[in-house]
Amino acid sequence: MSFWRKKRVFALLLLTFVIFLFLSSTYVGRMLYPIRYEQEIRQNAAKYDLDPFLVAAVIRVESNYLTETESKKGAYGMMQLMPDTANWIIDKARFNEEFRNRLNDPAVSIELGSWYLNWLSKQFNGNRIAVLAGYNAGHGKVSRWLQENEWDGTLQNADRIPYGETRHYIQRVMYYYNKYEKLYGEEWGQRAA
C-alpha cells in the first residue's frame with residue numbers, strides 16, 4: 001500500500017508541476033491576455049508617442065476589446081469615451097467630422113483615445129499614473145487633487161485618490177500593462193520605461 005500511495009503522491013506532484021509550467025508559458029499567457037486590434041494600437045501609439053501596452057491595457061479595462069459597448073454613464077467604443085469628451089477631442093484635434101458618428105468603430109475609438117492619452121500625458125508632464133487617473137476621473141479633477149496636495153500623483157500613494165473607482169481603475173490598468181509588457185514586450189521590441 002505504501003508503495004502505491006507514494007507513486008500517487010509523486011504522480012500528483014508531477015502533474016501539478018506540469019500544469020504550473022503550462023500555465024506560466026507565454027502561449028497560455030497570450031491566450032488569457034490577448035491584444036486585439038494590434039495594428040491600430042501600435043500605429044496610434046507610435047503616432048501619439050505612447051506606449052502601446054498602455055493603450056492596450058486601457059482598452060482591456062475599459063471594454064475588454066468589445067466594440068459595441070456603452071457604459072451606464074454613456075461612454076462609447078472600445079476606449080469608452082464620453083460623447084462630450086469625444087466631441088471635444090474631435091474639435092480640438094480637428095479630426096474628420098464623420099468621427100462623431102463612428103465612436104464604436106475600433107479604429108476611430110483607438111485614435112481618439114490615443115490622442116487623448118497623449119494630451120493628458122502633456123498635461124501631467126508624462127506622469128503615467130496621473131494620466132490614467134485623468135482618463136478615468138477627468139483631467140480637471142486630477143489637476144485639482146495634485147494642486148491641492150490631496151494626492152501626489154504616484155502609484156504608491158494612490159490610496160489617497162478621493163475616488164475609489166479611480167484607484168481601482170489605475171490598479172487594473174497597471175496590472176494589464178505589466179502582463180502585456182511581460183508577454184509581448186520582446187516580440188514588439190518594447191520594454192517598460
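For the stretch 127-193, what relative contact order do you get, as a whole percent, if you take Cα pairs closer than 8 Å and at least 6 residues apart? Mind dumping the intermediate values first?
Numbers: 45 pairs, mean separation 17.6, N = 67.
It comes to 26 percent, rounded to a whole number.
Farthest towards the positive end of the charge dipole of the stretch 14-156, among the residues ILE59, GLN123, ALA86, is the Cα of ILE59, using unit charges on the Cβ of Lys, Arg, Asp and Glu. Contact order, relative form, for the stretch 1-158: 14 percent (alpha carbon pairs under 8 Å, 6 or more residues apart, mean separation divided by residue count). A Cβ-based charge dipole, computed about the Cα centre of the stretch 1-121 with Lys and Arg at +1 and Asp and Glu at -1, lands at about 1140 debye. The label-point distance for LYS92 and PHE17, in a model that sets each label 7 Å from Cα toward Cβ, rounds to 5.6 nm.
In the chain, the longest principal axis of the Cα atoms and the axis of helix 52-63 are about 90 degrees apart.
Compute and list, largest first, the equivalent-ellipsoid semi-axes of the chain from the alpha carbon gyration tensor, each √(5λ) rounded to a whole angstrom.
On the way: eigenvalues 288, 87, 46 Å².
Value: 38, 21, 15 Å, ordered largest first.
Per DSSP helix of 4 or more residues, -39500 (n - 2.57); summed, then divided by the residues of the chain. What does that give at 222 nm, rounded to the nearest 500? Each step should come with its number before you reach the end.
Numbers: 9 runs with 124 residues, N = 193.
So the helix-based figure for the chain works out to -20500 deg cm²/dmol.
How would you rank 100-112, 123-135, 36-48, highest first, on the average number of other Cβ atoms within 10 Å across their residues?
Working: 100-112: 19.2, 123-135: 21.3, 36-48: 16.8.
So the order, starting with the most tightly packed, is 123-135, 100-112, 36-48.
A Stokes-Einstein calculation at 25 °C with viscosity 0.890 mPa s, built on the Kirkwood radius of the stretch 55-104 over Cα pairs, returns a diffusion coefficient of 222 µm²/s. Think of a 1.4 Å ball rolled over the protein heavy atoms: the stretch 39-112 then has 50 Å² of accessible area per residue.
Net charge in the neighbourhood of ASN127 (other residues with Cβ under 14 Å of its Cβ; Lys, Arg +1, Asp, Glu -1) is 0.
The values are calculated or read from the model by the stated rules, or taken from the named source; none is laboratory data. Bear in mind the structure is a predicted one, so any value in this text is a computation, not a measurement. Using ideal geometry, Cβ is built from the backbone for each residue, glycine included, and neighbour counts are taken over all protein chains shown. What goes into the accessible areas is simple: the full protein's heavy atoms, side chains included, and nothing from ligands, DNA or RNA. Shrake-Rupley method; radii C 1.70, N 1.55, O 1.52, S 1.80 Å.
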